[in-house]
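Worksheet: the structure to be examined is printed underneath.
The values are calculated or read from the model by the stated rules, or taken from the named source; none is laboratory data. Note that this is a predicted model, so its numbers are computed, not measured. Neighbour counts are summed over all protein chains in view; Cβ atoms, including those assigned to glycine, are modelled from backbone coordinates with ideal geometry. The area values use the complete protein model at the heavy-atom level, side chains included, leaving out ligands, DNA and RNA. Shrake-Rupley method; radii C 1.70, N 1.55, O 1.52, S 1.80 Å.
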Amino acid sequence: MDRTTIRSRRLLALATAAVMAFGVAACSDDKNDSAGESGHSGPVKMEFWGWAGYEKIVDQWNAAHPDIKVTFKKIPSGPAGGYTQINNALAAGNGPCLAQIEYQNIPSMLVKNSVMDITRYASDGMDKYVPSAVSASSVGDKIYGVPVDIGPMVLFYRKDLFDKYGISKPPATWAEYKADAEKVKTADPAVKFGTKLGDGAGLASFTLQTGQSWYSTQGDSWTVNIDNPGTRKVASYWQDLKDQGLVAKHGSAWDPQFNKASEAGKVLTFVSASWAAGGLKSDLKGEAGKWRVAPMPTWEAGDNKSASSGGSATSVITGCRTPREAVQFADFLSSDPQAVKTGIEGGLYPASKAGQDDPLLTGGDPFFGGQKVGDVYRASAARVPSTWTNGPTFQQVETDFTGAIGKGTLPEAVTKVQTSTVAAIKKLGLSVTNG
């Protein structure tokens, strides 16, 4: 997720000390040997593990770099077991050289000593990427991944249904969003203006928009501040919409229930990252031309703050004996014009500044009525606050929020996860305090 800004240099020392107990083995397979790093001659061979559709980009690299061969291995997504697979391979001494790591998971992978500091190889090329993505790929002043894609948040809405219910323009603020939702409910209680906020990732993105963070560092200690005024404002707002029946109980793109409701004209909007457009296009082909994209509503009129959700970097995995060549490949994947185009065709919104100017993004999109949706994505990406810090137990936070939201209200979930997160970080042997 594109929302990591960890500023404390001392955090790196803290993480390094903590991982000593893990005893992770270094990669020792000859596939990671390099003349530049190991002293052996001959072509370089590296494995790259990930779950995105990177096969074509790997083929493009191999065709242009016959002496540095990359083999791509498809693994489950990180949360679905991919990170566990990487860490298990490391422990067995046969981990890959490179892996796809979501931004929000870089701190937890660092605590487990699974990713390498690549600052010496990557720092000169980071100006090619949007600053928020570079920050998301870093811990303190050290770089732990080359940013690939980002997920700027926007409002997807049905233009035809807006016209039907007399809504002349997309809501610019969350107050306007609620007013529009009330208008639609008055016209037809069976129709919902939007969809509920139902998980920790969504709550994090909306909190990011308020300019507050769930974590900070002070000296050698983490501070957990999930239960902060910004999160409480977000939780109370969405709980109120849910209680009043103004939003649907189902999700958004890729959710069969959402698709069914959309086909029946029963839902008008959803707020998500740019990548959600792929779900609309694949599952709701019959609605081409009806959807549009607008900026994410803001808490205050004119404040222009947006948020982000998702995105990942290509990290060099601990023990890789060819880090220089690994970073060269990672940079190619993220910035080579043809590689970026291939990524865009696969649904990625690039972290590369130049990549955002690709004609695939700057032209009109027929599915969205010819709208130049790339302009909306770009504006959103530029308006994401740089105040967010990710913590070392992201998966725990996600799991705990899912359980807590299923058993109570959003505000109650915030209080519960604040407590459980402090306990989880203590279990890692890290110093932690309540915010």
From the set of residues in segment 393-426 that are surrounded by fewer than 16 Cβ atoms within 10 Å (Cβ to Cβ) and either small (Gly, Ala, Ser) or not assigned by TED's automatic domain parsing to the domain that holds Thr207 (or both), which is nearest to the chain's Cα centre (by Cα)? Gly403
With Gly429, Gly435, Gly343, Gly370 as the choices, which residue is of a type outside the set (Val, Ile, Thr), within 24 Å of Ala307 (Cβ to Cβ) and surrounded by fewer than 18 Cβ atoms within 10 Å (Cβ to Cβ)? Gly435
Checking Ile75, Ile57 in turn, the sole residue that is within 30 Å of Pro337 (Cβ to Cβ) and surrounded by fewer than 21 Cβ atoms within 10 Å (Cβ to Cβ) turns out to be Ile75
For Ala89, only one of the following conditions fails: (1) within 14 Å of Thr393 (Cα to Cα); (2) of a type in the set (Gly, Ala, Ser); (3) in contact with a Gly (Cβ under 6 Å, 6 or more places away or on another chain). What is its number? (1)
Scan of segment 96-123 for residues that are modelled with pLDDT of 95 or more and assigned to a loop (DSSP other than H, G, I, E, B), ordered by number: Pro96, Cys97, Ser114, Met116, Asp117, Ile118
Take the residues in segment 84-120 that are among the small types (Gly, Ala, Ser) and under 17 Å from the mean Cα position of the chain (by Cα); name whichever of them is surrounded by the fewest Cβ atoms within 10 Å (Cβ to Cβ). Ser108
With the requirement that a residue be part of a loop (DSSP other than H, G, I, E, B), surrounded by fewer than 24 Cβ atoms within 10 Å (Cβ to Cβ) and not charged (D, E, K, R), what does segment 187-196 give you? Pro189, Ala190, Val191
Which residue out of Phe329, Phe270 is buried (at least 21 other Cβ atoms within 10 Å of the Cβ), over 30 Å from Thr387 (Cβ atoms) and within 22 Å of the chain's Cα centre (by Cα)? Phe329
For residues in segment 365-398 being at pLDDT 95 or above and part of a loop (DSSP other than H, G, I, E, B), which is nearest to Gln338 (Cα to Cα)? Lys372
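Listed here are the residues, each with its yes/no results for (1) closer than 21 Å to Gly311 by Cβ; (2) in contact (Cβ under 8 Å) with a residue 12 or more places away in the chain; (3) part of a loop (DSSP other than H, G, I, E, B); (4) open to solvent by less than 40 Å² (accessible area, probe 1.4 Å).
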{"position": "Ala133", "(1), (2), (3), (4)": "yes, yes, no, yes"}
{"position": "Phe156", "(1), (2), (3), (4)": "yes, yes, no, yes"}
{"position": "Phe162", "(1), (2), (3), (4)": "no, yes, no, yes"}
{"position": "Gly166", "(1), (2), (3), (4)": "no, yes, yes, no"}
{"position": "Lys178", "(1), (2), (3), (4)": "no, yes, no, no"}
{"position": "Lys185", "(1), (2), (3), (4)": "no, yes, no, no"}
{"position": "Gly198", "(1), (2), (3), (4)": "yes, yes, yes, yes"}
Filtered residues of segment 311-320 (kept if buried (at least 24 other Cβ atoms within 10 Å of the Cβ) and part of a loop (DSSP other than H, G, I, E, B)): Gly311, Cys320
